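To start, the structure under review is shown below, and the notes come after it.
The values are calculated or read from the model by the stated rules, or taken from the named source; none is laboratory data. Everything quoted here is computed from the prediction, not taken from an experiment. Cβ atoms come from the backbone with ideal geometry, glycine included; neighbour counts cover every protein chain shown.
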Amino acid sequence: MSNNREHLCARMGRFLEFINSGDETIGKEVVFESAEFHVPFGGPPLKGLGGYMQILGMMRGAYPDIQWSLQEAIVEGDKVVARFAISGTHQGNFLGTPATGKQISSQAFNIYRFANGKIVEERGLPDIFGMFAQIGAIAIPGPPPA
């Protein structure tokens, strides 16, 4: 394993500690002050640690016990492509859907760009469709009747 790969994988491990704990002290270690976070909901990217805390706040408001697990990481230069498993209990409003108490098990595919050991950009693609289906916000049609 190259030094760059080892370094970025270690930084991703620390980032995982941050998102699972919400500890801003750890966040300051891994998020660059002017980092940009592109979210799938549209609009301009969220900026810096405050922007990422908004993302975590939205997710933790809906799923207070949410946890991310890094399943796979591909390192290329200054970028890491990460596949996360996500689990939690829907206990608060999630994008307009009131709490259901249902468990979710989902995933996210995110692309991170690093500079000097910190995240400077993230393009996050959580499986919002799958999360909505699991909490009953949308119906998944079954096979047509025979």
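Observations
- Verdict on GLY92 being without any contact (Cβ under 8 Å) to a residue 60 or more places away in the chain and not charged (D, E, K, R): yes
- Cβ-Cβ under 8 Å pairs, at least 6 apart or on other chains, the stretch 1-25 side at pLDDT below 95, far side surrounded by 15 or more Cβ atoms within 10 Å (Cβ to Cβ) and not in a helix (DSSP H, G or I): ASN4/VAL75; ARG5/VAL75
- Qualifying residue in the stretch 78-85 (condition: part of a loop (DSSP other than H, G, I, E, B), of a type in the set (Gly, Ala, Ser) and over 18 Å from VAL31 (Cα atoms)): no
- Residue pairs whose Cβ atoms lie under 6 Å apart, sitting 6 or more positions apart in sequence or on different chains, and linking a residue in the stretch 102-126 that is outside any strand (DSSP E or B) to a partner that is among the hydrophobic types (A, V, I, L, M, F, W, C), are LYS102/ILE135.
- Residue among GLU72, GLU33 that alone is under 24 Å from PHE129 (Cβ atoms), without any contact (Cβ under 8 Å) to a residue 40 or more places away in the chain, not hydroxyl-bearing (Ser, Thr, Tyr) and not in a helix (DSSP H, G or I): GLU72
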